[in-house]
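Computed from the coordinates by the stated procedures, all read-outs in this text should not be read as laboratory data. A quick note: this is a predicted structure, and the numbers were derived from the prediction, not measured. Here Cβ is always computed from backbone atoms with ideal geometry, including for glycine, and neighbour counts include all displayed protein chains.
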Amino acid sequence: MTSALVACIKWGTLYGPEYVNRLYSGVRRHFDRPVRFFCMTENAAGFHPDIEVLELPEEPFRAEMDAALEVADRKGAMRKVSLFRPGVIPAEGPVLGFDLDVVITGPLAGIYDAAPGAVRMRHDWVEARRGRPTGHGSVFRFDPAEHGFLYEEVARDPVGAVERARGSEQRHTSHLAMARGVFDYIPGDQVVSFKHDCMDLPPMNYLRVPEFPEGASVVCFHGHPKMDEAVAGYRGSFLRWCRATPWLEEHWVARAREDLGGDWA
């Protein structure tokens, strides 16, 4: 059986190796076929041995891109384009990419298999409310053999690419794919937001545990609270206050430890 290809990217120290390992566990527990899991990074210490490590490249356009991102106040926000570099993933076929601040809670085959030949992302929550067509970058499906233009556009004109995307990798990815006629939205009930779809608004967020999203495959923790904050209970603000979330502890930590062992998760 052909393996599903899955990739993420980790740089710097914001997330430890347990985030990569728990993502790997969630992915392999929720696919209906074998998985090859790649992580692009400059530091693979602590990774589970089944994770295939891709060296984080020092792109020739990095200095120009970073200078443009500083102007856009989005430092480092477009490193993910290196995953789109032709040939960087040593396998053929579609790739399902994830940010590290997501938790897998349901089947992934539907996201991976639908709309072959298209770049797939969920509609960004804020942009959708404003009636603007932009994908959200937490979950993205692409094919390196067909969508190398996502990398090549930045390599050719890093300053212009940053300016056109206003410093946003997800805007760059989704808008360029839309312009090429190869974009498809992942249904919103398959990829949900913890803060928009699981948490109640005040005052109910003080009274009820955030709701488990039945039927969803991925829960995104963009902004705050992040997963570790939501597991313990978050006290960030009147609006972003949530009770401790046992279902998140189960899906993100406990099941990964049962799958991989405590040394890895």
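Need one number: nm distance between label points at ASP200 and GLU258, each 7 Å from Cα along Cα→Cβ, rounded to one decimal.
About 2.8 nm, to one decimal.
Give me a comma-separated list of calculated 3J(HN,Hα) values for segment 95-102, in order, Karplus coefficients 6.51, -1.76, 1.60 applied at θ = phi - 60°, integers in Hz, x for any Gly or Pro.
Working through the residues one at a time gives 10, 9, x, 9, 6, 7, 9, 9 Hz.
What FRET efficiency, computed as 1/(1 + (r/R0)^6) with R0 = 22 Å and r the Cβ-Cβ distance, is obtained for ARG180 and ASP113, rounded to the nearest 0.05?
Values: r = 21 Å, r/R0 = 0.95.
Computed FRET efficiency for ARG180 and ASP113: 0.60.
Provide the percentage of antiparallel DSSP beta bridges, counting only those with both residues in segment 4-186; round to the nearest 5.
Of the beta bridges lying entirely in segment 4-186, close to 30 percent run antiparallel.
Calculate log10 I(q)/I(0) of segment 70-123 for q = 0.14, 0.16, 0.17 Å⁻¹, where I(q) comes from the Debye formula with a single equal point scatterer on each Cα and nothing for solvent.
At q = 0.14, 0.16, 0.17 Å⁻¹ the computed log10 ratios are -0.54, -0.69, -0.77.
Could you state the principal axis extents of the C-alpha atoms in segment 191-260, from the largest down, to the nearest angstrom?
37, 23, 21
Using only the alpha carbon atoms of segment 112-225, find the Kirkwood hydrodynamic radius as the inverse mean reciprocal pair distance, in angstroms to one decimal.
Details: mean 1/r = 0.0648 Å⁻¹.
15.4 Å is the Kirkwood radius here.
If one computes the Cα centroid of segment 147-217 and of segment 1-76, what distance in Å separates the two points?
Between the Cα centre of segment 147-217 and that of segment 1-76, the gap is 17 Å.
With equal scatterers on the alpha carbons only and no solvent term, can you work out the Debye log10 of I(q)/I(0) for segment 1-71 at 0.16, 0.18, 0.26, 0.28 1/Å?
-0.64, -0.75, -1.14, -1.25
Just the ratio, please: alpha-carbon radius of gyration of segment 32-132 over 2.2 N^0.38 Å, N its number of residues. Mind dumping the intermediate values first?
Details: Rg = 16.1 Å, N = 101, 2.2 N^0.38 = 12.7 Å.
Cα Rg divided by the expected 2.2 N^0.38 Å: 1.27.
Pull out the extension gain between GLU55 and PHE212, defined as 0.36 nm times the separation in residues minus the alpha carbon to alpha carbon distance; nm, one decimal. Please list the in-between numbers first.
On the way: separation 157, 0.36 × 157 = 56.52 nm, distance 3.59 nm.
Result: 52.9 nm gained on full extension.
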